[in-house]
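Have a look at the structure below, then the notes.
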Amino acid sequence: MAQEIILASGSDIRATLLRNAGLSFTVDPARIDESAIRAGLEAEEAPPRDIADTLAEIKASRVAAKHPEALVIGCDQILEHRGTCLAKPATPDEALAQLRALSGDRHTLLSAAVIVEEGRPVWRHVGQVHLTMRQLSDDYLQDYVARNWESIRHSVGAYKLEEEGVRLFTQIHGDYFTVLGLPLLDLLSYLVLRGTVPA
Ligand SMILES: Nc1nc2c(ncn2[C@@H]2O[C@H](COP(=O)(O)OP(=O)(O)OP(=O)(O)O)[C@@H](O)[C@H]2O)c(=O)[nH]1
């Protein structure tokens, strides 16, 4: 019997990416106080990649405790801009403030994934993507947020690359999947290497 794979994430796009890759898995989102853990790590001046990696491991470990036989994938994405980490916007005004700050500048997305098996991390990867946003007019940003709020509220950086968010950018260095929130190519390579996924 094939080993069960569990995605410990409530992210629709992460589940879609794994499903579209043909993986069989179940979803069991980790219930953790992400903002409290993140605030603690930021207070210790942990680097953004360590914050993403630690949160991904905590999510995977929390769910793995309920499913000791399964391969459990935890994820976390951090947006880093000029040394500060941005979280998902809580309000349209916060989304507008974030986009005003990112406009005309570069930022980095860090997408961490950790696999926990039998209570131990057995694989981890933090994908990085460097994005350059064009200089955007305030009129356009206000209109963009008003029209897209219900979608972009669930996304770090207040954009979805596969939707109108692509218009915000002039350059993207890194892979598409990592922008969406999952270092999918590295994850699949590991699952193929260990024989969990045929290739
Ligand atoms: N569809 C889409 N989602 C994006 C994009 N960029 C970032 N995201 C999502 O933004 C969210 C980042 O927040 P996280 O805390 O990592 O994940 P989450 O959605 O809270 O889900 P958990 O894994 O349960 O914590 C993830 O769901 C990413 O998939 C994008 O371009 N497109």
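The values are calculated or read from the model by the stated rules, or taken from the named source; none is laboratory data. On a predicted model such as this, the values are computed, not experimentally measured, just so you know. As a convention, Cβ positions derive from the backbone with ideal geometry for all residues, glycine included, and neighbour counts pool all protein chains shown.
Taking each residue of the range 17-29 that is without any contact (Cβ under 8 Å) to a residue 60 or more places away in the chain and looking for partners that are acidic (Asp, Glu) with beta-carbon atoms closer than 8 Å, six or more apart or interchain, yields Phe25/Glu4; Thr26/Glu4.
Against the definition (under 21 Å from Ser189 (Cα atoms) and modelled with pLDDT of 95 or more), how does Thr26 come out, yes or no?
Working: under 21 Å from Ser189 (Cα atoms): yes; modelled with pLDDT of 95 or more: yes.
Here the answer is yes, as Thr26 does meet what is asked.
Please go through the range 160-171 and give me each residue that is surrounded by 17 or more Cβ atoms within 10 Å (Cβ to Cβ), within 20 Å of Leu17 (Cβ to Cβ) and in contact with a Leu (Cβ under 7 Å, 6 or more places away or on another chain), ordered by number. Let's see the steps before the verdict.
Here is the first cut: in the range 160-171, the residues surrounded by 17 or more Cβ atoms within 10 Å (Cβ to Cβ) are 160-161, 165, 168.
Cutting the leftovers down to within 20 Å of Leu17 (Cβ to Cβ) gives us 160-161, 165.
Once the filter is applied, which keeps residues that are surrounded by 17 or more Cβ atoms within 10 Å (Cβ to Cβ), within 20 Å of Leu17 (Cβ to Cβ) and in contact with a Leu (Cβ under 7 Å, 6 or more places away or on another chain), the range 160-171 yields only Leu161.
Looking across the range 104-148, the residues that are out of contact with any helix residue (DSSP H, G or I) (no Cβ under 7 Å at 6 or more places or on another chain) and of a type in the set (Val, Ile, Thr) come down to Thr108, Val122, Thr132.
Which of the residues that make up the range 63-89 are aliphatic (A, V, I, L, M), at pLDDT below 95 and either surrounded by fewer than 13 Cβ atoms within 10 Å (Cβ to Cβ) or within 21 Å of Gln171 (Cβ to Cβ) (or both)?
Of everything in the range 63-89, just one residue is aliphatic (A, V, I, L, M), at pLDDT below 95 and either surrounded by fewer than 13 Cβ atoms within 10 Å (Cβ to Cβ) or within 21 Å of Gln171 (Cβ to Cβ) (or both), namely Leu86.
Which residues, counting only those in the range 151-177, are more than 9 Å from the ligand (Cβ to nearest atom) and within 18 Å of the chain's Cα centre (by Cα)? Spell out the reasoning first.
Filtering the range 151-177 for residues more than 9 Å from the ligand (Cβ to nearest atom) gives 153, 158, 164, 167-175, 177.
Correct list: Arg153, Ala158, Ile172, His173, Gly174, Asp175, Phe177.
For the range 85-104, state whether one or more residues are farther than 30 Å from Arg167 by Cβ and either touching a Leu at 6+ places or on another chain (Cβ under 6 Å) or polar (S, T, N, Q) (or both). Spell out the reasoning first.
At the first step, the residues of the range 85-104 found to be farther than 30 Å from Arg167 by Cβ are none.
No, every residue in the range 85-104 fails to be farther than 30 Å from Arg167 by Cβ and either touching a Leu at 6+ places or on another chain (Cβ under 6 Å) or polar (S, T, N, Q) (or both).
There is no residue in the range 133-150 that is surrounded by 15 or more Cβ atoms within 10 Å (Cβ to Cβ), under 28 Å from Ile58 (Cα atoms) and hydrophobic (A, V, I, L, M, F, W, C). For the range 1-33, the candidate set comprises residues that are surrounded by fewer than 16 Cβ atoms within 10 Å (Cβ to Cβ) and among the polar types (S, T, N, Q); within that set, the residue that is farthest from Val156 (Cα to Cα) is Gln3.
Highlighted here are the helices (runs of 4 or more DSSP H) found entirely within the range 133-199 that include at least 2 residues which are of a type in the set (Val, Ile, Thr): 138-152, 176-180.
Scan the range 1-30 for residues that are under 13 Å from Cys75 (Cα atoms) and not hydrophobic (A, V, I, L, M, F, W, C) and the total you get is 7. Scan the range 178-193 for residues that are in contact with a Leu (Cβ under 9 Å, 6 or more places away or on another chain) and more than 10 Å from the ligand (Cβ to nearest atom) and the total you get is 4. Would a scan of the range 107-119 turn up a residue that is surrounded by fewer than 14 Cβ atoms within 10 Å (Cβ to Cβ) and either under 30 Å from Thr196 (Cα atoms) or touching a residue at least 60 places away in the same chain (Cβ under 8 Å) (or both)? Looking through the range 107-119, at least one residue is surrounded by fewer than 14 Cβ atoms within 10 Å (Cβ to Cβ) and either under 30 Å from Thr196 (Cα atoms) or touching a residue at least 60 places away in the same chain (Cβ under 8 Å) (or both).
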